[in-house]
Amino acid sequence: MEQMDILAACREKDNFSKMLGVEIVELKPGFARGRMPLTPQHYNCFGIVHAGAIFTLADTTFGAAVNFHQGRLSPTVSMNCQFLKAGRGQVLTAVATESSPGPKLASYNVEVRDESGDVVAVFQCMAYRKKATLEELFATKAREANQA
């Protein structure tokens, strides 16, 4: 299974990110860029983008970067964030970059920016790299679905 096929399969099953409109637009080892077009549903009662939507954009972008770097299932173990500016506008973009490629724990930084390039939030993220590969995971899920 090719990397882009796995990414498409992940996207298809990630209902929450899909509902918010999050899409991964660039992916390479240790790096991902995601974007989220903003609709009225992304805004809270104060007229700014809901922190949960911003967090989801960052988490989804981080997840793409860390899981596809070595092709190993790498669930998030921690995410720390600082919101620096109210999110507004038409689209937010997140960039995840690897800061420490440890064999078991991987550390990444994520910046979320608005369309004017201003930083809205920054995240420090850590994931645990499991032994299972994404390809093995999807093959097992496909077999289970066929047996059901």
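Structural remarks
- Contacts under 9 angstrom Cβ, first residue in region 115-141 being touching a residue at least 60 places away in the same chain (Cβ under 8 Å) and closer than 30 Å to Gln82 by Cβ, partner assigned to a helix (DSSP H, G or I) and of a type in the set (Asp, Glu), 6 or more apart: Phe123/Asp59; Cys125/Asp59
- Verdict on Ala64 being assigned to a strand (DSSP E or B), touching a strand residue (DSSP E or B) at 6+ places or on another chain (Cβ under 7 Å) and either closer than 26 Å to Glu12 by Cβ or touching a residue at least 60 places away in the same chain (Cβ under 8 Å) (or both): no
- Some residue of region 108-125 being surrounded by fewer than 21 Cβ atoms within 10 Å (Cβ to Cβ), among the hydroxyl-bearing types (Ser, Thr, Tyr) and assigned to a strand (DSSP E or B): no
- Restricting attention to region 81-108, the residues that are of a type outside the set (A, V, I, L, M) and over 20 Å from Ser17 (Cβ atoms) total 11.
- Residue ID - nearest to Asn67 (Cα to Cα), chosen from residues in region 126-142 that are part of a strand (DSSP E or B) and aliphatic (A, V, I, L, M): Ala127
- Test for Glu98: is it of a type outside the set (Ser, Thr, Tyr) and touching a residue at least 60 places away in the same chain (Cβ under 8 Å): yes
- Among the residues making up region 67-85, a single one is assigned to a helix (DSSP H, G or I), modelled with pLDDT under 85 and touching a Leu at 6+ places or on another chain (Cβ under 8 Å): Phe68.
- Pair list, Cβ < 9 Å and 6+ apart or interchain, from region 1-30 residues that are over 13 Å from Phe138 (Cβ atoms) and surrounded by 11 or more Cβ atoms within 10 Å (Cβ to Cβ) to residues that are at pLDDT 90 or above and of a type in the set (Phe, Trp, Tyr): Gly30/Tyr108
The values are calculated or read from the model by the stated rules, or taken from the named source; none is laboratory data. Note that the coordinates shown come from a computational prediction; the quantities given were computed from them, not determined experimentally. Methodologically, a virtual Cβ is constructed for each residue, glycine included, from the backbone with ideal geometry; neighbour enumeration extends over all protein chains shown.
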